[in-house]
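Engineer: Submitted below is the structure of interest, expressed as C-alpha cells.
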Amino acid sequence: MNKFYAAALVAAATTACIGGAQAQTGLLAQVKSRGQLVCGVGPGLAGFGIPDAQGNWTGLDVDLCRAISAAIFNDPSKVKFVPLSSKDRFTALQSGEVDLLSRNTTWTMSRDTSLGLNFAGVNYYDGQGFMVRKKLGVDSALKLAGASVCTQQGTTTELNLADYFRANKMKYEVVAFATSDETIKAYESGRCDAFTTDASGLYAERLKLSTPTDHIVLPEIISKEPLGPVVRHGDDAWLDIVKWTYFAMLNAEELGITKANIDEMLKSENPEIKRLVGTEGKFGEAIGLGNDWAYRIVKHVGNYGESFEKNVGEGSLLKIARGQNALWTKGGLQYAPPIR
Ligand SMILES: N[C@@H](CCC(=O)N[C@@H](CS)C(=O)NCC(=O)O)C(=O)O
C-alpha cells in the first residue's frame, strides 16, 4: 500500500472515531439511550404548562417538549416534566438537571450572553401587562401612581415594573414573591392594588381568582417579552433539534398540514410539503433523526396553530387571540426558515 494512501486511511478512521465519540457524548445520544427527554417547565401556568389531577401535563410549552419527544422516539409521551420556579429555572438548565427549558422565559441579551445558554426561538410573542380590581376604578396603568404592585422575583417583570414607573415619574411600592401562586394569592387578599406579569400569565393567573370578572386587565403593554425554549451552550446539534422542531410546527401550519390530514399529505406532489413530511430529501438525517421527524411531530402533536388554539386560543379557557403570534402570512410575527 502506498504510504500516502495508508496515512489517509488512518486519518479517515481517526476522524470517524472522533465523529463517533462526539455523537456518543452529545445530548441527543444521551436522550436516546435514556429513552426519555427531561423538560423543564413552569410549575403550573394554564395554557402553557400545567399538570392535571392525574399528572398529565398540557400546554403550548409542554407541546414543544412532546414534539421533540415525537421527533426522536415517534412517541410524544417519552418526556419527564420537571416543574421549575422562575428563580430556579436557569440553574436547573445549567446544571444539566433538564435537557431544555420550555417555560415562558423571556429572551433577553443578558440571559442569552452571560448564563451559558442559547435561546432556540420565540414560540410566544408576549408583553407585560397589569391587572387590577374593577372597583379600584383605574382604566390605565398611567393612573397607578402610588399603587402597590404584586410581582414575582427572578423575572423580567420586576425589572420592567421599575423602568415603567421611573420613566413615567410615578411612585409605587413593589411587593415581590418567590412563586406565582404566592403572588396571585397576595393580590387576591388585597396586599396590593395591582398584579403584573406577562399578558399571557395575566390571562392564566386570572383564572385562579375566586371571581375573575371582578378584575380587569389594563390596556398598556409595557415591554417586549419574546418567550422561547432555552438550551445549554456547547451542543449545537441539540440546539438544532429544538429549533427545527419548533420551525417544523410553524412550517406545517403555513403549508396547511394538520394532525388530521398529514397521512394524506404523504401523497402530496408539492415539493415543500414533500420535504417536510420526508417523502423527499434527507433533512431528518442531517439532525440525527429519521427523515419522518417532522411527520412524527405533526402526527402526534399537530402544527403550531393547532397547539395554540387548543392550549391558549379559542379551544381553551384563556381564549387568547393569535395577534402577534399569527403566522407572518397572516400579519403576525411567527416565521420559520424553510426546510430545504
Ligand atoms: N417572562 C418573564 C416572566 C416569566 C415568569 O416566570 N412568570 C411567572 C408568572 S406568569 C411564572 O411563570 N411563575 C411561576 C413560578 O415561578 O411560580 C421572565 O422570563 O422572567
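The values are calculated or read from the model by the stated rules, or taken from the named source; none is laboratory data. For clarity, every value in this text was computed on a predicted model and none was experimentally measured. Don't worry about glycine lacking a Cβ; one is built from the backbone with ideal geometry, like all the others, and counts go over all protein chains shown. Note: areas computed on protein heavy atoms with side chains; ligands, DNA, RNA excluded. Shrake-Rupley method; radii C 1.70, N 1.55, O 1.52, S 1.80 Å.
Engineer: Quick check on the stretch 299-337: of everything there that is touching a strand residue (DSSP E or B) at 6+ places or on another chain (Cβ under 8 Å) and among the hydroxyl-bearing types (Ser, Thr, Tyr), which residue is surrounded by the most Cβ atoms within 10 Å (Cβ to Cβ)?
Structural biologist: Looking at residues that are touching a strand residue (DSSP E or B) at 6+ places or on another chain (Cβ under 8 Å) and among the hydroxyl-bearing types (Ser, Thr, Tyr), I get 304.
Engineer: Just to verify a result, which residue in the stretch 104-120, among those that are within 12 Å of residue 155 (Cα to Cα) and not in a strand (DSSP E or B), is least open to solvent (accessible area, probe 1.4 Å)?
Structural biologist: Selected residue: 105.
Engineer: Of everything in the stretch 87-102, what is assigned to a loop (DSSP other than H, G, I, E, B), open to solvent by less than 10 Å² (accessible area, probe 1.4 Å) and within 14 Å of the ligand (Cβ to nearest atom)? Give them in sequence order.
Structural biologist: 102
Engineer: Which number in (1) of a type outside the set (A, V, I, L, M, F, W, C); (2) more than 10 Å from the ligand (Cβ to nearest atom); (3) open to solvent by 10 Å² or more (accessible area, probe 1.4 Å) marks the one condition that residue 129 misses?
Structural biologist: Just one mismatch for residue 129, condition (3).
Engineer: Shifting gears a bit: Take the residues of the stretch 207-230 that are open to solvent by 70 Å² or more (accessible area, probe 1.4 Å) and not small (Gly, Ala, Ser): which is farthest from the chain's Cα centre (by Cα)?
Structural biologist: This residue is 214.
Results for (1) at pLDDT 95 or above; (2) out of contact with any Pro (no Cβ under 6 Å at 6 or more places or on another chain), shown as yes or no for each residue.
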| residue | (1), (2) |
| --- | --- |
| 208 | no, yes |
| 214 | yes, yes |
| 221 | yes, yes |
| 228 | yes, yes |
| 232 | yes, yes |
| 242 | yes, no |
| 263 | yes, yes |
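Engineer: Could you list all residues from the stretch 187-206 that are open to solvent by 10 Å² or more (accessible area, probe 1.4 Å) and either in contact with a Lys or Arg (Cβ under 7 Å, 6 or more places away or on another chain) or more than 12 Å from the ligand (Cβ to nearest atom) (or both)?
Structural biologist: Within the stretch 187-206, 188, 189, 190, 191, 193 qualify.
Engineer: Among residues belonging to the stretch 25-77 that are assigned to a loop (DSSP other than H, G, I, E, B), away from the ligand (no atom under 16 Å from the Cβ) and open to solvent by 60 Å² or more (accessible area, probe 1.4 Å), point out the one that is farthest from residue 92 (Cα to Cα).
Structural biologist: Filtering first and then ranking leaves 74.
Engineer: Take residue 174 and tell me if it is in contact (Cβ under 8 Å) with a residue 24 or more places away in the chain, open to solvent by 70 Å² or more (accessible area, probe 1.4 Å) and within 16 Å of the ligand (Cβ to nearest atom).
Structural biologist: yes
Engineer: Report, ordered by the first and then the second residue, all pairs with beta carbons closer than 8 Å, sequence separation of six or more or different chains, a first member in the stretch 238-258 that is free of Cβ contacts under 8 Å to residues at least 24 places away in the same chain, and a second member that is outside any helix (DSSP H, G or I) and buried (at least 21 other Cβ atoms within 10 Å of the Cβ).
Structural biologist: From residues that are free of Cβ contacts under 8 Å to residues at least 24 places away in the same chain, there are no pairs.
Engineer: Now for a different question. Test residue 282 against the stated conditions and say whether it is closer than 28 Å to residue 99 by Cβ, part of a helix (DSSP H, G or I) and open to solvent by 70 Å² or more (accessible area, probe 1.4 Å).
Structural biologist: When the stated conditions are applied, residue 282 does not pass them.
Engineer: Moving on to the next point. Identify, by number, the condition in (1) touching a residue at least 60 places away in the same chain (Cβ under 8 Å); (2) within 11 Å of the ligand (Cβ to nearest atom) that residue 140 doesn't meet.
Structural biologist: Of (1) touching a residue at least 60 places away in the same chain (Cβ under 8 Å); (2) within 11 Å of the ligand (Cβ to nearest atom), only one is false for residue 140: (2).
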